[in-house]
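This report refers to the structure that appears directly beneath it.
Here, each number is a calculation from the coordinates, and none is a lab measurement. Just so you know, these numbers come straight off a predicted model, no measurement behind them. Glycine gets a Cβ as well: all are built from the backbone with ideal geometry, and neighbour counts include every protein chain shown.
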Amino acid sequence: MDANHQELLRKYAEAIVKVGLNLRAGQRLIITNATSRGVPPAGRALVHEVTKAAYAAGARYVEVIWGDEEMNRIRVQHAPAESLGEYPKFHVNAILDMFKNGDALLSIYANNPDVYAGLDPERLSAMQKSHLQNYQEISMLVSRNAINWCVVASASPAWAAKIFPDLNPEEAEEKLWKAIFESTRAVQPDPVAAWQEHIRNLKKRSDYMQSKGYSGLHYKGPGTDFTLGLPRGHKWISAQSLAENGVVFTANMPTEEVFTLPDRHRAEGTVSATFPLSYGGSLIEDFSVTFENGRIVKVHAKKNESILQKLVDTDEGSTRLGEVALVPASSPIAQRGHLFYNTLFDENASCHIAIGRAYRFTLTGGEELTEQEFVAAGGNVSINHVDFMIGSPQMDIDGIKEDGTREPVMRAGEWAFDV
Ligand code: ZN
Ligand code: ZN
């Protein structure tokens, strides 16, 4: 590692605690990872720096749940088929206890994107479905911003090798850390100040989109001719949110997106993915999705189409959309010129949409609605929320006004308006 590595890790951890979580003195903090049901061991150095930064910020108690993905892989391979729905809930209950107390939640990705490669899709999806079902209460609380929460990443050997297969393991990991530190502004002299400026700039974009009140967006690009509806009361969000526990926080680091919810009832046409989708340990490549009346009626993929189809078949909400996000093609993440095989990074390289659950906070008053009311208002409900990338330097996006007239929102992948 770079001689400076420890110092960069310290600055990164400080930005996570001060900007990402905005941890308040006296709060407790729990660190975990939803996908692997705990932080993989490769995240250890970052967990330790975050813990130090949290106590420096006045945390009362910091806890981590560790997760070992290899245990899940072994289980899918060797456990009895009828047992794959088994789900001891102790870690879920631990996290729910922190939610009830108004504590903070940090998720650290330090995973192996290919951990489930080659496994039987039926057995894998049985295990994943039971996990998503048992995790649903937490997903719901996160999706309504019940507490201040944040998702960040740590390099891991397997992840680095996936992104940089031609480098030796040490170089690959060093290069991944460099990418993480640069895209999260840890390399800036004052990362916290740099983040505050970035947050202000994103807010100007979301404020503009909000002031327009479009009723839909139309996308045109190679393999894409697609229209989605925006429900009345949709809220364009960027970087910062206010949690129900009163804390203003930044849920993702990095973040380059301006996003809201689409109307689950209105989506028409075909949209092509512009990046592969790393989903549940598999890579879905060269795919497109076709919609009618808001529903996915057809998926096509050159690789792993059956996994994409399984995702869509999970539940009714997985046939519909829950997020629409705008990211210029010139985003610093896109400029790195490689895929990260991880949504936290890849979604910030490109305009994207998400199959599945909508975030309650993207609809005015959405947190207070019953599930039925939320759905009636256009919000989507699902155990999934899976982003996939659709933007490119060839993409044009129009905003559609209530009267049907159109205005440019993006041209050739870039913002088409000044703020
Ligand atoms: Zn997004
Ligand atoms: Zn998303």
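Observations on the model:
- Cα-centre dipole for the chain with unit charges at Cβ (Lys and Arg positive, Asp and Glu negative), debye to 20: 660
- When the chain is described by a simple charge dipole with +1 on each Lys and Arg Cβ and -1 on each Asp and Glu Cβ, the residue from Q210, S125, T184 located farthest towards its positive end is Q210.
- Rounded to the nearest Hz, the phi-derived 3J(HN,Hα) couplings of the stretch 346-352 under the Karplus curve 6.51 cos²θ - 1.76 cosθ + 1.60 (θ = phi - 60°) are 5, 5, 8, 9, 7, 4, 8, where x marks glycine and proline.
- The dipole here belongs to the stretch 335-375: it is taken about the Cα centre, uses +1 on the Cβ of Lys and Arg and -1 on the Cβ of Asp and Glu, and is about 260 debye.
- Among the listed pairs K11/K212; K204/K401; K175/K302; K212/K298; K204/K302; K52/K89, those whose Cα-Cα separation exceeds 27 Å are K11/K212; K175/K302; K212/K298; K204/K302; K52/K89.
- Three-way shape label, the chain, alpha-carbon gyration tensor, a/c 1.5: rounded
- Taking a Cβ cut-off of under 9 Å around L202, the surrounding Lys, Arg, Asp and Glu residues balance to a net charge of +2, with basic ones at +1 and acidic ones at -1.
- Residue (of A81, A155, P165) at the positive-pole extreme of the stretch 3-183, dipole from beta-carbon charges: A155
- Cut-off 13 Å between beta-carbons: net charge of the residues surrounding A273, Lys and Arg +1, Asp and Glu -1: -4
- The charge dipole of the stretch 3-183, taken about its Cα centre with unit charges on the Cβ of Lys, Arg, Asp and Glu (plus for the first two, minus for the last two), comes to roughly 740 debye.
- Label-point gap, in nm, between E367 and S306 - each point 7 angstrom along Cα→Cβ: 4.4
- In this calculation the C-beta distance from E402 to E197 is compared with R0 = 41 Å, giving a FRET efficiency of 0.75.
- Normalised by 2.2 N^0.38 Å, where N is the number of residues, the C-alpha radius of gyration of the stretch 278-414 stands at 1.11.
- Residue of L242, L167, L321 that the Gaussian network model of the chain assigns the largest fluctuation, springs spanning Cα pairs under 10 Å: L167
- Here's how it looks for Y359: its modeled amide H is under 5 Å from none belonging to a residue 5 or more places away or on a different chain.
- Residue separation of N4 and D120 scaled by 0.36 nm, minus their Cα-Cα distance, works out to 37.5 nm of gained length.
- Neighbours of P328, meaning other residues whose beta-carbon lies under 12 angstrom from its beta-carbon, give a summed charge of -1 when Lys and Arg score +1 and Asp and Glu score -1.
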